[in-house]
């Protein structure tokens, strides 16, 4: 009898333990679920903190950022809410949840975006030319690659130029040796292949300066765009103002001293005067009063009672740049100032070397009294920035500071690395 009673107690204890495990909150996640367009998340019925996970089971949800995936990412009992104002990026995702993917990122309208939906082999290697595009068979799309013509272009984006096709039906394009005979028209000599190639438009992927015609090939990290564009190199041209750039492009300013034109739809940045919520949306890097401030090189660039002054340093996390806005102080360039009281200067910058208010510039011609335009460091709690200011001629680098290649006679305006900075200088480019 005692043995039977002991066995009964053991059995009851095991049964109670099993019951407690079955009703444990952690075990609820085994429920199967499915979400999709027009289907509410079935796990929401379990209450706040549950959603349908990527594994297809109900899982506890960690509060996060809402994205367009049919799930309650931020645990507020709503699905895909508040995404209508999200900027559509070129990444293969429907960022603004409007049923379309990567809209606004096909500049030449050939059906292929510059990022290829995040797949490198499907990128349009020149999104400014309808006659250049890869095939999209991998995406079950009808677009065929562009015909490989004898024109110095990589028409089908296979990293080959003017090659014979697999059937042999297209004649190979034999071009003259561009080192012996100068390239004609808009073609430029590619030193790697010693052939004349057509220049790619700004924003297009590149491997060398020669591919970018009058511009240059630059790493995205040098402009602070590696998060938006990935670890790539793209064609760009030099600038100091948005007006130095083609239509639908803006002058992207980086605190390291570089200033380049990039298409708005590729850089994801907005030109001066556009609305903004934070600095990452502005090409100048300065969002002031929910408006992107326009980059500038001198006071003559700014109208409406504004001047070209230091912007961004007083705002948390903002880089420092020359941008159009209200004058910081009353003292003009050359007047005495203290570095600890920068804002007594109209430009908002007091040069530590001279103890005088700085004069913004982009080229030597912006500087009075035979001065030269050169880059100087501005230190802040959030990192150093490099701004071009007027200095004495004997204190400037031999290579002139520039805004565009027009400022450089026979040379071109392009980035040059000097220590830890990359600044804009007139220098020789590809032939």
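Annotation: residue 303 fulfils all but one of (1) out of contact with any helix residue (DSSP H, G or I) (no Cβ under 6 Å at 6 or more places or on another chain); (2) on the phi < 0 side of the Ramachandran plot; (3) outside any strand (DSSP E or B); (4) modelled with pLDDT of 85 or more; the unmet one is (4).
Of all residues in the range 225-234, one or more are surrounded by fewer than 23 Cβ atoms within 10 Å (Cβ to Cβ), without any contact (Cβ under 8 Å) to a residue 12 or more places away in the chain and within 19 Å of residue 250 (Cβ to Cβ).
Across the range 204-217, what is the number of residues that are farther than 20 Å from residue 158 by Cβ and either assigned to a loop (DSSP other than H, G, I, E, B) or out of contact with any helix residue (DSSP H, G or I) (no Cβ under 9 Å at 6 or more places or on another chain) (or both)? Step through it out loud before you land on a result.
Of all residues in the range 204-217, those farther than 20 Å from residue 158 by Cβ come to 209, 213-216.
Add one more test, that the residue is either assigned to a loop (DSSP other than H, G, I, E, B) or out of contact with any helix residue (DSSP H, G or I) (no Cβ under 9 Å at 6 or more places or on another chain) (or both), and what stays is 209, 213-215.
Final tally of qualifying residues: 4.
Can you work out which of the residues in the range 401-431 that are closer than 16 Å to residue 372 by Cα and assigned to a loop (DSSP other than H, G, I, E, B) is nearest to the chain's Cα centre (by Cα)? Quick ask: steps written out before the conclusion?
The first filter runs over the range 401-431 and keeps only residues closer than 16 Å to residue 372 by Cα, leaving 401-403, 407-408, 423-426.
Now drop any that are not assigned to a loop (DSSP other than H, G, I, E, B), which leaves 402-403.
Working: 402: 22, 403: 20 Å.
Among residues in the range 401-431 that are closer than 16 Å to residue 372 by Cα and assigned to a loop (DSSP other than H, G, I, E, B), the one nearest to the chain's Cα centre (by Cα) is 403.
Here residue 306 meets the list (1) closer than 23 Å to residue 346 by Cα; (2) touching a strand residue (DSSP E or B) at 6+ places or on another chain (Cβ under 6 Å); (3) buried (at least 18 other Cβ atoms within 10 Å of the Cβ) almost entirely, failing just condition (3). Here the range 353-400 is the region considered, the condition is being part of a helix (DSSP H, G or I) and over 19 Å from residue 332 (Cβ atoms), and the residue that is modelled with the highest pLDDT is 364. Any residue in the range 58-76 that is at pLDDT 80 or above and touching a strand residue (DSSP E or B) at 6+ places or on another chain (Cβ under 6 Å)? There is at least one residue in the range 58-76 that is at pLDDT 80 or above and touching a strand residue (DSSP E or B) at 6+ places or on another chain (Cβ under 6 Å).
Name every residue in the range 341-361 that is closer than 19 Å to residue 404 by Cα and touching a helix residue (DSSP H, G or I) at 6+ places or on another chain (Cβ under 8 Å), in order of residue number. Outline the logic, then answer.
Taking the range 341-361 and keeping what is closer than 19 Å to residue 404 by Cα, we get 360-361.
Answer for the range 341-361, where residues must be closer than 19 Å to residue 404 by Cα and touching a helix residue (DSSP H, G or I) at 6+ places or on another chain (Cβ under 8 Å): just 360.
Out of curiosity, is residue 248 within 15 Å of the chain's Cα centre (by Cα), under 20 Å from residue 199 (Cα atoms), surrounded by fewer than 22 Cβ atoms within 10 Å (Cβ to Cβ) and at pLDDT below 90?
Values: within 15 Å of the chain's Cα centre (by Cα): yes; under 20 Å from residue 199 (Cα atoms): yes; surrounded by fewer than 22 Cβ atoms within 10 Å (Cβ to Cβ): yes; at pLDDT below 90: yes.
For residue 248, the condition - within 15 Å of the chain's Cα centre (by Cα), under 20 Å from residue 199 (Cα atoms), surrounded by fewer than 22 Cβ atoms within 10 Å (Cβ to Cβ) and at pLDDT below 90 - is met.
Cβ-Cβ distances below 8 Å connect the following pairs, each with a first residue in the range 140-156 that is on the phi < 0 side of the Ramachandran plot and crowded, with 20+ Cβ neighbours inside 10 Å, a second residue that is modelled with pLDDT of 75 or more and not in a loop (DSSP other than H, G, I, E, B), and a separation of six or more residues or different chains: 153/197. Would you pick out the residues in the range 257-283 that are farther than 15 Å from residue 241 by Cβ, buried (at least 23 other Cβ atoms within 10 Å of the Cβ) and over 11 Å from the mean Cα position of the chain (by Cα)? Within the range 257-283, 257 is the sole residue that qualifies. Among the criteria (1) closer than 19 Å to residue 311 by Cβ; (2) out of contact with any strand residue (DSSP E or B) (no Cβ under 8 Å at 6 or more places or on another chain), the one residue 361 does not fulfil is (2). When 164, 221 are checked against the criterion of being at pLDDT 75 or above and surrounded by fewer than 18 Cβ atoms within 10 Å (Cβ to Cβ), 221 stands alone in meeting it.
Being assigned to a helix (DSSP H, G or I), under 18 Å from the mean Cα position of the chain (by Cα) and surrounded by fewer than 24 Cβ atoms within 10 Å (Cβ to Cβ): is that true of residue 340 here? Considered against the rule, which asks whether it is assigned to a helix (DSSP H, G or I), under 18 Å from the mean Cα position of the chain (by Cα) and surrounded by fewer than 24 Cβ atoms within 10 Å (Cβ to Cβ), residue 340 comes out as no.
Given the criterion in contact with a helix residue (DSSP H, G or I) (Cβ under 8 Å, 6 or more places away or on another chain) and free of Cβ contacts under 8 Å to residues at least 40 places away in the same chain, identify the matching residue among 286, 247, 260. Talk me through it step by step, then tell me what you get.
On the way: 247 fails: in contact with a helix residue (DSSP H, G or I) (Cβ under 8 Å, 6 or more places away or on another chain); 260 fails: free of Cβ contacts under 8 Å to residues at least 40 places away in the same chain.
From the options 286, 247, 260, the qualifying one is 286.
Look at residue 228 and say whether it is farther than 22 Å from residue 178 by Cβ and not in a strand (DSSP E or B). Against the criterion (farther than 22 Å from residue 178 by Cβ and not in a strand (DSSP E or B)), residue 228 qualifies. Given the condition under 21 Å from residue 213 (Cβ atoms), surrounded by 15 or more Cβ atoms within 10 Å (Cβ to Cβ), at pLDDT 80 or above and out of contact with any helix residue (DSSP H, G or I) (no Cβ under 6 Å at 6 or more places or on another chain), answer yes or no: does some residue in the range 96-106 qualify? No, the range 96-106 contains no residue that is under 21 Å from residue 213 (Cβ atoms), surrounded by 15 or more Cβ atoms within 10 Å (Cβ to Cβ), at pLDDT 80 or above and out of contact with any helix residue (DSSP H, G or I) (no Cβ under 6 Å at 6 or more places or on another chain).
The values are calculated or read from the model by the stated rules, or taken from the named source; none is laboratory data. Since the structure is predicted, the reported quantities are computational estimates derived from the model, not experimental observations. Methodologically, a virtual Cβ is constructed for each residue, glycine included, from the backbone with ideal geometry; neighbour enumeration extends over all protein chains shown.
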